[in-house]
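Have a look at the structure below before the remarks.
The values are calculated or read from the model by the stated rules, or taken from the named source; none is laboratory data. Bear in mind the structure is a predicted one, so any value in this text is a computation, not a measurement. Backbone-built Cβ (ideal geometry, glycine too); neighbour counts: all protein chains shown.
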Amino acid sequence: MIVRFLLLIFCLIVGSGRAYAISFDDARHLLARTGFGTATPTEIDKILPLSYEAAVDSILDGVLDIARTPVPKFQSNPLERPTVKRLDKAAKKEFKKRNREDRKALKFWWIQEMLETPSPFTEHMVLFWHNHFVSEIRKVKFGQWAYEQNATFRKYAIGDFRKLLTEVSVGPAMLVYLDANKNKKGKPNENFAREVLELFTLGEGQGYTEKDIRESARAYTGWRVNFKAGGFIFKSRAHDDDEKTVLGESGNFDGLDVIKIILKQPRVSEFLAEKLWREFVSLEPNPSESIRLAQIIRDNDYDLKPMMKALFMSDGFRHPSNRGLLIKSPVELTIGTLRLLGLKPPEYKKVWNHQKRLGQNVFDPPDVKGWRGGTAWISSTTTLRRTQFLQAAFKGIRKFSKNTGSMAMNKGRRLFGSADPAPLQMREVTRPGYLKKLILAIEPVMQKKFVGKGPKVIRNLLLDPAYQVK
Amino acid sequence: MMNRRDFLKYSFAAPALVGTGVQLLPFPVHASTGNWDRTLILLELKGGNDGLNTVVPFADKTYYDMRPTIAIPRDKVLKHSEKLGFHPAFSPLMPLWEAKQMAVILGVGYRNPNLSHFRGIDIWNSASDADQYLENGWITQLFRESKPNAEFAADGINLGHNSVGPLEGDKTKVVTLNKNPEKFLKQAGRIKPGNSQTGNSALSHILKQRRDLKSAADKMIAKQIRTVKLGLAFSDSKIGAQFETAARLLVAGVKTPVLKLTIKKFDTHAGQEPLHTELLTEIATSISTFAKVMKAKGLWDKVTVMSYSEFGRRPFENNSSGSDHGTAAPHFMFGGKVKGGFYGEQPPLDDLDGVNLKYRVHFREIYASVAREWWGLNAGFIKEKPLGLFL
């Protein structure tokens, strides 16, 4: 009793001097939720000496604005496009082939970046924006344009949402994807106007009308892709110069005016706060927290970083009851597992293939609303395929032990390369139960062996249904 | 037509028919008196099908004025009344139309239509009003009210790649089969479902999927669907493959009340032709083959194919030789028990709601027909009356 009391006093004294160091579980949770659903022992070790707040700061400050993987070489230049019509059959076929290859190369490039980045949180945010400002490369066609959009997501990963919205809107990928390029005075195409309100800023049915869509579509008329020099061009001849009324304001607006008008709505910050809550904390909305976080976005003039900090500092995010409540996306399951096991796939195509089969083909979301996420990730089909992926990944470390090190590339289908599980197993030796705490966010479901240094323990942990949640 | 037993069922099932206005208690759930040997085949036309270019008002000059580049030329239309005809791609379906096994419900929609793809399909899937948000799909609601037989492999089998739509909801057992169902089932049979109960909704969803998958797989494996001989080849398209799998399952004797199929790409904002023609051709040839197989196997009276889509498209074409999101559209029913012909009314082009068509038939009237006339279920949650679509 006395010992406990003294301990309490000691803690209070130390605590008042500086905040407590982060616990193992908190560190793992913070890294897994901000990254790809797992945390490696090295990542955890790095933030263990820090206080919780300092750990959050280190993740936010570690955000990169440029990818480290070199830009893929694009064989097809969108600027060649005007000549496509005049190509003969064989040349057209060749052109299409190069385009296809570019698109693949771009997908593999991003997968490599996700696997190797020192800041998984950055790529998590890029993926978040990709699913917010959706475009499908199968419609955009040119890898270069999709790459530019992806770079914009990274540039403003937790930065200025106004700039992000504007730059994405006038980027060729979005102009093509939402037919803004076909929007013309007298015959407006409403696709872009609708999605700006419904998906990018206010949320479906929140504070705008069909009339706002029709009127703002007129304001966006004349936006075009500049095929001669790349990028955006405003074609005044196609622009509707008459007065429009959007969200209660009237004037001779152009598209950028309308975006400014939309951004004046407080609802935009609430919509963002709600979406980020859903992404990082819980599928259960928390209206009072959304309002608080939205206010932080407004107070910082759409700079998102302070709000992201408040989000990760919130009770909702930190509370132990908030563990394992989110289902890992296919990208998280694949990238997170490969990062955790230290596997370096010789071919990114294999990773992409698994992600696609699990329902997440990066750069090619199913439609303009993007991946639905949550329980929609798990169907009867994907249940099975998730298991197949994990078995394939586990092979990468099982084979290693069998072949006693060396490059075990000889036999069998070396899907994801191989890695030595010894460093993981050593930690289990000094701390029985370590692997369970490292690999799972919650207690396992099946009745199996989960403690011990044998490779089977790692396999049981990866294949337990509890590994599907983060 | 209606025997005594049916009449009793309806008098419970549809208070509106009795005319008392008194809300009777729902029909006893455990009785499960439904026609559970019948299968509904849901055919989702994803993206919003252009109704005016599917069932064409060829006699209306306004139609051609509104659509200078995308209208179906008068001489190409398959004419079936003085005013209406079908897109030429529907010619493989004409034998079914003439045999009165194809019903066309005109002007299907609802009040205050929502023109968003996502909200639009949610409304159709959940049978909600435009301003009402429901978690469960309409089939899920129906099956919670009247529980399907326990021996079903699943409450629904999804053969398309999209959401399970009307089967949405954690209480419904749904499995998704795709390209290679045999291989899939073999692997699924090996899965070990976790049995433990949990308060974690994400985890409990995962565990439920594993259990449903295992039980459905075990039941389907026993039926040996690969060995089934269909006698006819299906069209080489994604929807053709889905109809082929549907036929295999049914012929093999796999028991399920619902099969869901999806055909995508109907969001024809730009360059509508020839894409729209291709899509309608794929549908028509697949359904035609499917009907022939079902007839040959004596199953045509046990199946109904029902089309639906999140909305129709704008009567006026846009500047990109395409059509923007619209409202009411025609929908279709095919089957041996379907009472063929036109239902509802073609929405006139000179009496629009703003720029869009006014609906004539509420989509829930179709659901009411399926629930009450096809399955013989109560469907107390649907206020609308059935249309009399079935023999």
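Here are some notes:
- Candidates in segment B:309-326 are the residues that are in contact with a Ser or Thr (Cβ under 7 Å, 6 or more places away or on another chain), within 11 Å of B:Ile70 (Cα to Cα) and not in a strand (DSSP E or B); of these, the one that is farthest from the other protein chains (Cβ to nearest Cβ) is B:Ser321.
- Within segment A:238-270, considering residues that are of a type in the set (Val, Ile, Thr) and in a strand (DSSP E or B), the one surrounded by the fewest Cβ atoms within 10 Å (Cβ to Cβ): A:Thr245
- Within segment A:203-230, considering residues that are within 12 Å of chain B (Cβ to nearest Cβ) and in a loop (DSSP other than H, G, I, E, B), the one surrounded by the fewest Cβ atoms within 10 Å (Cβ to Cβ): A:Thr209
- Among the residues of segment B:141-170, the ones that are closer than 16 Å to B:Trp36 by Cα and within 14 Å of chain A (Cβ to nearest Cβ) come to 5 in all.
- Note on segment A:344-353: among residues that are surrounded by fewer than 23 Cβ atoms within 10 Å (Cβ to Cβ) and either assigned to a helix (DSSP H, G or I) or at pLDDT 95 or above (or both), the one that is farthest from the other protein chains (Cβ to nearest Cβ) is A:Tyr348.
- Residue in segment A:449-469 that is nearest to the chain's Cα centre (by Cα), counting only those that are within 21 Å of B:Gly199 (Cα to Cα) and not polar (S, T, N, Q): A:Val469
- A single entry from A:Glu148, A:Glu136, A:Glu195 fulfils the requirement of being within 14 Å of chain B (Cβ to nearest Cβ), charged (D, E, K, R) and within 17 Å of the chain's Cα centre (by Cα): A:Glu136.
Every residue, every condition in (1) within 21 Å of A:Ala419 (Cβ to Cβ); (2) touching a residue at least 40 places away in the same chain (Cβ under 8 Å); (3) in the same structural domain as A:Thr381 (by TED's automatic domain parsing); (4) in contact with a Pro (Cβ under 8 Å, 6 or more places away or on another chain), yes or no:
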residue	(1), (2), (3), (4)
A:Ala294	no, no, no, yes
A:Tyr302	no, yes, no, no
A:Pro306	no, no, no, no
A:Lys309	no, yes, no, no
A:Phe312	no, yes, no, no
A:Gly324	no, yes, no, no
A:Gly336	yes, yes, yes, no
A:Leu340	yes, yes, yes, no
A:Pro345	yes, yes, yes, no
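- Within segment A:397-423, the set of residues being within 12 Å of A:Arg459 (Cβ to Cβ), assigned to a helix (DSSP H, G or I) and at pLDDT 90 or above is empty.
- Considering segment B:197-213, and only residues there that are in contact with a helix residue (DSSP H, G or I) (Cβ under 8 Å, 6 or more places away or on another chain), at pLDDT below 90 and closer than 20 Å to B:Phe184 by Cβ, the residue that is farthest from the other protein chains (Cβ to nearest Cβ) turns out to be B:Asp212.
- Residue pairs whose Cβ atoms lie under 6 Å apart, separated by 6 or more positions or on different chains, with the first residue in segment A:374-389 and touching a residue at least 12 places away in the same chain (Cβ under 8 Å) and the second in a helix (DSSP H, G or I) and of a type in the set (Val, Ile, Thr), are A:Ile378/B:Ile206.
- Pick from segment B:97-128, criterion within 14 Å of chain A (Cβ to nearest Cβ) and of a type in the set (Ser, Thr, Tyr), ranking: nearest to the chain's Cα centre (by Cα): B:Ser128
- Test for B:Ala188: is it facing another protein chain (nearest Cβ under 10 Å) and not basic (Lys, Arg): yes
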